[in-house]
Amino acid sequence: MKRRNVLAALGTLSACGALTVGSGAFTSVKADRAVSVSVAGDSNAFLRLAPCKIGDNGKYVTNADSGAMNLDLSSTNDNVGGSGVNTEALSVFHNVFEICNLGSQSVCVDFAADVPVIPNGADVPDRYGFEDGDLAVVFYRGANRSAQINVDNLDTDRLGAFPLDVGDCQCIGFEVRAFGFDTGEDLFADTDLAITAKAGSSCANEPVDPVEGEDPLLRKTYASSVVDSETDLGTKKNGNPLDSSRADPTAALGKENGEFVSLGRKGLGRKGQLVVKFEDELVKRPFNTDVLNVETTNGRDGYPEEKALIEVAGPGTGRSYEEVGVATSKATNGTNTFELPAAPITKVRLTDQTEWSKHSGNADGFDVDAVGGWTETST
């Protein structure tokens, strides 16, 4: 089967866009110290951003001499052939651009970008160390794919920010996990990669990113109650009531255990709906994207797909619901993963989106086993 291409220009990862990288400003430890800033192209700025001199992948960098640096993997880049990365494939690019400290002080450097995730239900081969719901683009240092860079937010005091002494450079590589995306899809529409450097930050003592895994200040938590006033389960497709074993909303509470509730079908354009609440507020996890998990069942081969719209609400969203994605019964190991748009979050709303025309009359819609996330802890 011939592979198609996902058009890629990091930052709009597409045919015509590019991920714009602005020069990071040097900041003194003392807030009242005067700082003189001059404007220069990125290859001449105090924090120099330019093509990496190691290997040939620096050709994916454009515009560094004349302004904000772009990373361009699309057909608009005359330095390389091709029109994007392959779909349903992992593309790895070592040593693409470099960050150099041309200032007078040692600094800590950190990244931030709105990185997309692999769509839930994408068919990711087991040989890879990632799955649907994980980041679709991952930045790392040099050619070391295990030295991943956190892009969740800018914080040069965090453990993962990396140090640069005066005159030193660090090349950056990245990988594109183009599973589940359509040909020509823009993976980074209007997204910028922000890079900042700061003197006096703590990263110089801890230059290695934390290993993926549970943050010691966070713990996993699960939905603890059902919001009855907002929950409205439906029926089977044929109008018959849900089986008693699938009609109890509290089956979605607590850790996944194989017991589940079905959302069902409603008539007159209405859809089966379940709303669960968390006693412990959900927060954004700083490294991984698995901040909200929706566990489903019945994803057996040959059975038509069942889907549900996932929305979250809480103080972080002004109490109004915000959509985070669509869960599918075809998700890897039954786990749908979503990133929170804000924090804290206290409620999750699941609304059935199943295409009923594909199902028999006995179908009962999307099944929910558990809804989990991460909450802060002092131990």
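The values are calculated or read from the model by the stated rules, or taken from the named source; none is laboratory data. Computed from a predicted model, the values in this text were never measured in an experiment. When we count neighbours, we look across all protein chains shown, and the Cβ atoms used for this are built from the backbone with ideal geometry, even at glycine.
When residue 124 is tested against (1) modelled with pLDDT of 85 or more; (2) outside any loop (DSSP other than H, G, I, E, B); (3) of a type in the set (Val, Ile, Thr), only condition (2) is not met.
Sort out which residues of the range 224-246 are in contact with a Ser or Thr (Cβ under 9 Å, 6 or more places away or on another chain) and surrounded by fewer than 16 Cβ atoms within 10 Å (Cβ to Cβ), and write them in order of number. Passing the criteria: 225, 238, 241, 243. Is it true that residue 134 is charged (D, E, K, R) and either surrounded by fewer than 16 Cβ atoms within 10 Å (Cβ to Cβ) or touching a helix residue (DSSP H, G or I) at 6+ places or on another chain (Cβ under 8 Å) (or both)? Spelling it out, it is not the case that residue 134 is charged (D, E, K, R) and either surrounded by fewer than 16 Cβ atoms within 10 Å (Cβ to Cβ) or touching a helix residue (DSSP H, G or I) at 6+ places or on another chain (Cβ under 8 Å) (or both). Would a scan of the range 95-112 turn up a residue that is of a type in the set (S, T, N, Q), over 26 Å from residue 63 (Cβ atoms) and within 12 Å of the chain's Cα centre (by Cα)? No, the conditions are met nowhere in the range 95-112.
Residue 340 falls short on exactly one of the conditions (1) assigned to a loop (DSSP other than H, G, I, E, B); (2) surrounded by fewer than 21 Cβ atoms within 10 Å (Cβ to Cβ), and that condition is (2).
The single condition among (1) touching a helix residue (DSSP H, G or I) at 6+ places or on another chain (Cβ under 9 Å); (2) under 24 Å from residue 337 (Cβ atoms) that residue 96 does not meet is (2).
From the list 45, 89, 50, the lone residue that is modelled with pLDDT under 75 and not polar (S, T, N, Q) is 45. Examine the range 337-359 for a residue that is in contact with a strand residue (DSSP E or B) (Cβ under 6 Å, 6 or more places away or on another chain), on the phi > 0 side of the Ramachandran plot and not hydrophobic (A, V, I, L, M, F, W, C), and state whether such a residue exists. Checking the range 337-359: not a single residue is in contact with a strand residue (DSSP E or B) (Cβ under 6 Å, 6 or more places away or on another chain), on the phi > 0 side of the Ramachandran plot and not hydrophobic (A, V, I, L, M, F, W, C).
Listed by first and then second residue, the pairs linking a residue in the range 103-117 that is surrounded by fewer than 18 Cβ atoms within 10 Å (Cβ to Cβ) to a residue that is of a type in the set (Val, Ile, Thr) and modelled with pLDDT under 80, with Cβ atoms under 7 Å apart and 6 or more places separating them unless they lie on different chains, are 112/151; 114/191. For the range 189-205, the criterion of a residue being assigned to a loop (DSSP other than H, G, I, E, B), closer than 23 Å to residue 132 by Cβ and at pLDDT below 75 is satisfied by at least one position.
Of everything in the range 360-373 that is in a loop (DSSP other than H, G, I, E, B) and at negative phi, the residue that is surrounded by the most Cβ atoms within 10 Å (Cβ to Cβ) is 366. Number of residues in the range 247-271 that are outside any helix (DSSP H, G or I) and either touching a Phe, Trp or Tyr at 6+ places or on another chain (Cβ under 8 Å) or surrounded by fewer than 18 Cβ atoms within 10 Å (Cβ to Cβ) (or both) equals 16. Can you confirm whether the range 309-320 contains a residue that is in a loop (DSSP other than H, G, I, E, B) and not small (Gly, Ala, Ser)? Checked against the condition, which is being in a loop (DSSP other than H, G, I, E, B) and not small (Gly, Ala, Ser), the range 309-320 yields at least one hit.
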